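Values quoted throughout were computed directly from the atomic coordinates according to the rules given, and no laboratory measurement underlies them. All values derive from a computational prediction rather than experimental measurement. Counting neighbours? That spans all protein chains shown, and the Cβs are built from the backbone with ideal geometry, glycine included.
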Amino acid sequence: MTDTTDNPAGPGSGSALPAEDAKLITLARATRARNGVPEGAAVRDETGRTYVAGTVALDSLRLSALQTAVAMAVASGARSLEAAAVVSAAEAVPDTDRAAVRDLGGAAVPVLLAAPDGTLNTTGTAG
């Protein structure tokens, strides 16, 4: 049985996520707030390791938070992904971000999108 927890937005939200997925949203939200960036993201690899990142916005390099988290996973030796989460004010996860997840984990990897307050907005897949 998978542990579940209330939606990261708080009790009474009526939505339950597996604890591991709620953790991804919590970590992404904390990174976004701590670094003062537009997005925070977290991914979990096939061994359960978690990689967390924020938006990269340099003059010479621009990466979304999710692209950065996937790159960190790849650079650390991950062979696949189990799940991904993005915390952003955006209404959808861009195709380029989902493509990065799909390249490493496949089309069926769940991709969660949460609002800055942690409320889960959408659950889709990398495909």
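At-a-glance table
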{"item": "Cβ-defined net charge surrounding Gly77, 13 Å radius [Lys, Arg +1; Asp, Glu -1]", "result": "0"}
{"item": "Dipole magnitude of the range 64-127, debye to nearest 20 (Cβ charges: Lys/Arg +1, Asp/Glu -1, about Cα centre)", "result": "200 debye"}
{"item": "Surrounding net charge for Ala92, when Lys and Arg each add one and Asp and Glu each subtract one, Cβ distance under 13 Å", "result": "-3"}
{"item": "10 Å beta-carbon shell around Asp45, net charge (K/R +1, D/E -1)", "result": "+1"}
{"item": "Cα gyration tensor, the chain - rounded (a/c under 1.5), prolate or oblate", "result": "oblate"}
{"item": "Trypsin sites (Lys or Arg not before Pro) within the range 42-127, DSSP loop, no more than 11 other Cβ atoms inside 10 Å", "result": "Arg79"}
{"item": "Most fluctuating residue given options Thr47, Thr26, Thr55, as computed from a GNM of the chain linking Cα atoms under 10 Å", "result": "Thr47"}
{"item": "Dipole moment magnitude, nearest 20 debye, the chain about Cα centre, only Lys, Arg, Asp, Glu C-beta charged", "result": "240 debye"}
{"item": "The chain: DSSP helices with Cα axial extent of at least 20 Å and average Kyte-Doolittle hydropathy no lower than -1.0", "result": "19-35"}
